[in-house]
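Trainee: The structure under discussion is supplied below as structure tokens; questions concerning it will follow.
The values are calculated or read from the model by the stated rules, or taken from the named source; none is laboratory data. Bear in mind that the values here come from a model prediction, so they are computed numbers and not experimental data. Methodologically, a virtual Cβ is constructed for each residue, glycine included, from the backbone with ideal geometry; neighbour enumeration extends over all protein chains shown. In case anyone asks, the SASA skips ligands and DNA or RNA and just uses the protein heavy atoms, side chains included. Shrake-Rupley method; radii C 1.70, N 1.55, O 1.52, S 1.80 Å.
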Amino acid sequence: MKEQLQSYIYTEKLLAQLYRQAAAMATLQSERQVLLAFARDAEQNANYLNHFYREEFGTNFDPMIPEGNIQGTYRDLLNEIQKQELASYLELRKLTYNQGNIELRETIRAITDVKLGHILTLLAIVTNMNTPGEERSQKFFK
């Protein structure tokens, strides 16, 4: 379980960094705000998981995330984030079925609900990139 929790915490910290990187590339203020909110969610997810890590192993797990530079466009970065979120969602979701610690199970269920919202929002952002300019910004946040 130790390595699993470390992996989940690392992934959330990485996602927070990727969301901040994507926010810096966003041209629409509304998308930038959403991505920064998602970065905060990922940091919070890491904090929640760290609570259980600390409870179990008596110490925090605070991995160093190397400064990531995804090569490519804003869309490429969003696609990479979505891929990471989906893989993480599926991995965490498995824990909700056979986790004996009820508090951990419910926390993971809440985290996966948040992740699902992120995945769907990213899908909407990428899909709406095919819509031209002003119409795109109005379409996304109606």
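Trainee: Tabulate in residue order the Karplus-calculated ³J(HN,Hα) for segment 89-105, using 6.51 cos²θ - 1.76 cosθ + 1.60 with θ = phi - 60°, rounded to whole Hz; enter x for Gly and Pro.
Mentor: Karplus values, whole Hz, x for Gly and Pro: 4, 5, 5, 5, 4, 4, 5, 6, 8, 10, 8, x, 6, 4, 4, 5, 4.
Trainee: While we're on this one: Per 0.36 nm of contour for each residue apart, how much would the distance between Thr59 and Arg93 grow if the chain were fully extended, relative to their Cα-Cα spacing?
Mentor: 9.8 nm
Trainee: Follow-up question, since we're still on this one. Dividing the Cα convex hull volume of segment 65-127 by residue count, how many Å³ per residue is that?
Mentor: Per residue, the Cα convex hull of segment 65-127 comes to 89 Å³.
Trainee: Count of lysine pairs in the chain with Cα atoms under 19 Å apart, counting only pairs 8 or more residues apart in sequence or on different chains?
Mentor: So the count works out to 7.
Trainee: Shifting gears a bit: Per the 1.4 Å probe, what fraction of the accessible area of the chain, in percent, lies on carbon and sulfur atoms?
Mentor: 52 percent
Trainee: Evaluate E = 1/(1 + (r/R0)^6) for Ala124 and Gln4, where r is the Cβ-Cβ distance and R0 equals 35 Å; express this FRET efficiency to the nearest 0.05.
Mentor: Calculated value: 0.70.
Trainee: Next question. Per residue, how big is the convex hull of the chain when only Cα atoms are used? Give it in Å³.
Mentor: Residue-normalised Cα hull volume stands at 102 Å³.
Trainee: A further question on this structure: Which length gain, in nm to one decimal place, applies between Arg40 and Leu116 when the Cα-Cα distance is subtracted from 0.36 nm times their residue separation?
Mentor: Answer, rounded to one decimal: 25.8 nm.
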